[in-house]
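Down below is the structure, laid out as structure tokens.
Coordinate-derived values only; no laboratory data. What you are looking at is a predicted structure, and each value in this text was computed from that prediction instead of being measured. Neighbour counts run over all protein chains shown; Cβ positions are idealised from the backbone, glycine included.
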Amino acid sequence: MHRVEVLPAELRQILFFDLDDTLIHCNKYFNEILSRFADWMIARFQGTTRDEVLEKQVEFDLAGVRKVGFVKDRFPESLVETYDYFSALTGRTARDQERDELRELGYDVYDQQYEPYPDMEETLETLKAQGHKLCLYTGGDRDVQRAKVNQLGLKRFFEGRIYVERRKDEQAMERLLRSTDSDRSKTWMIGNSARTDILPALKSGIHAIHIPTADEWEYNRADIRVQPKGAFFRLNRLAEVPETIERYITGK
């Protein structure tokens, strides 16, 4: 990493980073499991198409998120619910052994060697060296998310500032800002999800940087129709974050 100048104290910011599909890959592992699931289903339900299977799974998955939030069991159970739906639809007998097989397949998504996004390390190193306070604010099962943090050695950037919520919404964002006593005029949310990262941030009056992914999970999609009180940028790459923030706070 090239030499980075430490910013004056009055220019240093509080930066909340999302984890999944912002700093590390996540959705691609779910897609790999869903591809295997679709193959499994098509082999057992003759005449059922791949699109039909995946559309129904998304329906159950999104319903689960809305009901219970980002819990570990939600994704595996959506596979079982899809299986039960097509069993009833086609008259094929549903078997507990097959349900267990699908749950095991679903839980496989959490047993991965997670891969960081390009420039993740360099981006976080630069921001830390500039003197910004880095925080991790992610949705999901606490044990699953902390395992990812440990696997990629991210504690060196965030130290004890790691926050995991089952639901990432405006209420959770407000609790986070109050509990951390964050100065909203100097606080940023950086993430890929319009629904859980960007909209709550803008509604809470903090700055936001949206880095959309090419193959976004349906739940993360939302129209951003909020008038920002501060800065709002949409970037293509994580590596653009340090320069974007520095330009904004220095006015250069």
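Among the GluC sites (Glu not before Pro) in the stretch 1-63, those located in a DSSP loop and surrounded by at most 15 other Cβ atoms within 10 Å of their own Cβ are Glu5.
The angle separating the long axis of helix 27-44 from the principal Cα axis of greatest extent in the chain is about 10 degrees.
How high is the FRET efficiency between Val226 and Asn27 when r is their beta carbon distance and R₀ equals 25 Å, given to the nearest 0.05? The value I calculate is 0.55. Each label point was placed 7 Å from the Cα along the Cα-to-Cβ direction; for Arg234 and Asp169 their separation is 2.5 nm.
Rg and Dmax of the stretch 28-110, based on Cα coordinates, read 11.9, 33 Å. A straight line joining the Cα centroids of the stretch 223-244 and the stretch 122-141 runs 16 Å.
Going by alpha carbons, how many degrees (0 to 90, nearest 10) lie between the helix axis of 170-179 and the longest principal axis of the chain? Around 40 degrees separate the two axes. Adding -39500 (n - 2.57) for every DSSP H run of four residues or longer, then dividing by how many residues the chain holds, sets the calculated 222 nm ellipticity at -14500 deg cm²/dmol. Where both residues lie in the chain, what percent of DSSP beta bridges are antiparallel, nearest 5? Around 5 percent antiparallel, to the nearest 5. What you get for the chain, charging only the Cβ of Lys and Arg (+1) and of Asp and Glu (-1), is a dipole of about 980 debye around the Cα centre.
Summarising the label geometry, the points placed 7 Å from Cα in the beta-carbon direction at Asp51 and Glu243 lie 4.1 nm from one another. Ellipsoid semi-axes for the chain, based on the Cα gyration tensor and the rule √(5λ), read 38, 18, 15 Å when sorted largest first.
Listed by chain and number, the lysines placed with their C-alpha closer than 30 angstrom to that of Lys56 are Lys28, Lys67, Lys72, Lys148, Lys168; residues fewer than eight positions away on the same chain are left out. Can you give me the distance in nm between label points at Glu159 and Lys67, each placed 7 Å from the Cα along the Cα-to-Cβ direction? About 4.2 nm separates the two model spin labels.
Between Val6 and Lys252, what FRET efficiency comes out of the Förster formula 1/(1 + (r/R0)^6) with R0 = 22 Å and r the beta carbon distance, rounded to 0.05? Computed FRET efficiency for Lys252 and Val6: 0.85.
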